[in-house]
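Report on the structure given below.
The values are calculated or read from the model by the stated rules, or taken from the named source; none is laboratory data. What you are looking at is a predicted structure, and each value in this text was computed from that prediction instead of being measured. Neighbour counts are summed over all protein chains in view; Cβ atoms, including those assigned to glycine, are modelled from backbone coordinates with ideal geometry. What goes into the accessible areas is simple: the full protein's heavy atoms, side chains included, and nothing from ligands, DNA or RNA. Shrake-Rupley method; radii C 1.70, N 1.55, O 1.52, S 1.80 Å.
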Amino acid sequence: MQLVQSEKMAALGNLVAGVAHEINNPVGFIGGNVGPAQEHLQDLLSILSLYEENASLPESIAEQIEDLDADFIREDFPKLIASMKEGCDIICNISKSLRTFSRTDTASKTEFNLHHGIDSTLLILKYRLKANEQRPSIEIIKKYGDIPEVKCYPGQLNQVFMNLLANGIDALDESNEGKTFAEIEKEPNSITIATELSADNKQIVVQIADN
């Protein structure tokens, strides 16, 4: 049963990593073209302004330009581009987190940054940390220490972080039962994650605690 479960997790990890990779390619393409698109539009708007100032335009074209409201486009388009870029960045971060979280374990242990593993797990659990109708958002307090990479099985360790954090969220939701939104807001839900090197420098301590 353990072997079957291990194979299932490995297959799922490969699937998630593959999907994340496929998402990353088109999003990277879109993000890379957002900047040039903005530059091209600014060039066109500049030429349009010069044309308006230096040419005697037929009434029909002048009306079209007026309806176009070029001033509004000049003001609004950079904001539109910025929101598109922000969306691309968010998707890229999610894709990166999925790849980090679903790292398939090899036959031997590999060097791994625990903070990357925890952060990727938090991003995947973000939907459960957000505010909803019953409670405000759950605050994540990070107290990361200066720790080295560790030799481990990253996929299995990330699953441990996932289980601990999910248990913390479940415990907070259970403690909120019977309380109003306002009551919970007075004593906000939080989960603290702390990492440190042990006194003998031979171990790394990870502490995950809800309040």
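Within segment 161-186, take every residue that is among the polar types (S, T, N, Q) and assigned to a helix (DSSP H, G or I) and give me the one that is surrounded by the most Cβ atoms within 10 Å (Cβ to Cβ).
SER175
If I ask for residues that are over 23 Å from LEU172 (Cα atoms) and in contact (Cβ under 8 Å) with a residue 60 or more places away in the chain, which ones from segment 185-211 would you list?
Correct list: ILE204 only.
Could you say which residue among ASN132, ASN158 is open to solvent by less than 70 Å² (accessible area, probe 1.4 Å) and under 28 Å from GLY28 (Cβ atoms)? Break it down into steps so the answer makes sense when it comes.
Values: ASN132 fails: under 28 Å from GLY28 (Cβ atoms).
Being open to solvent by less than 70 Å² (accessible area, probe 1.4 Å) and under 28 Å from GLY28 (Cβ atoms) holds for just one of ASN132, ASN158, which is ASN158.
Quick check on this structure: which one of ILE47, ILE23, ILE81, ILE90 is β-branched (Val, Ile, Thr) and loosely packed, with under 11 Cβ neighbours inside 10 Å? Reasoning before the result, please.
Values: ILE23 fails: loosely packed, with under 11 Cβ neighbours inside 10 Å; ILE81 fails: loosely packed, with under 11 Cβ neighbours inside 10 Å; ILE90 fails: loosely packed, with under 11 Cβ neighbours inside 10 Å.
The unique qualifying residue is ILE47.
Does ILE140 satisfy being surrounded by 18 or more Cβ atoms within 10 Å (Cβ to Cβ) and either touching an Asp or Glu at 6+ places or on another chain (Cβ under 7 Å) or within 30 Å of GLU185 (Cβ to Cβ) (or both)?
no
Filtering segment 116-146 down to residues that are aliphatic (A, V, I, L, M) and not in a helix (DSSP H, G or I), which residue is farthest from ILE204 (Cα to Cα)? Spell out how you get there, then give the answer.
Of segment 116-146, the ones aliphatic (A, V, I, L, M) are 118, 122-125, 129, 131, 138, 140-141.
Keeping just the survivors that are not in a helix (DSSP H, G or I) gives 125, 131, 138, 140-141.
Values: LEU125: 24, ALA131: 32, ILE138: 26, ILE140: 20, ILE141: 19 Å.
Of everything passing the filter in segment 116-146, ALA131 is farthest from ILE204 (Cα to Cα).
Given the conditions (1) free of Cβ contacts under 8 Å to residues at least 40 places away in the same chain; (2) at negative phi, which single one is not true for ASP69?
Checking ASP69 against (1) free of Cβ contacts under 8 Å to residues at least 40 places away in the same chain; (2) at negative phi, the one that fails is (2).
Say whether the condition of being under 30 Å from GLY18 (Cβ atoms) and of a type in the set (S, T, N, Q) is met by at least one residue in segment 133-149.
Within segment 133-149, not a single residue is under 30 Å from GLY18 (Cβ atoms) and of a type in the set (S, T, N, Q).
Condition first: open to solvent by less than 70 Å² (accessible area, probe 1.4 Å) and either at positive phi or not β-branched (Val, Ile, Thr) (or both). Now tell me which residues in segment 189-205 satisfy that.
Residues satisfying the conditions are ASN189, SER190, ALA194, LEU197, SER198.
From the residues in segment 56-78 that are surrounded by 10 or more Cβ atoms within 10 Å (Cβ to Cβ) and not in a helix (DSSP H, G or I), which one is modelled with the lowest pLDDT?
LEU57
Can you find even one residue in segment 97-104 that is modelled with pLDDT under 75, among the basic types (Lys, Arg) and not in a helix (DSSP H, G or I)?
Among the residues of segment 97-104, at least one is modelled with pLDDT under 75, among the basic types (Lys, Arg) and not in a helix (DSSP H, G or I), which makes the answer yes.
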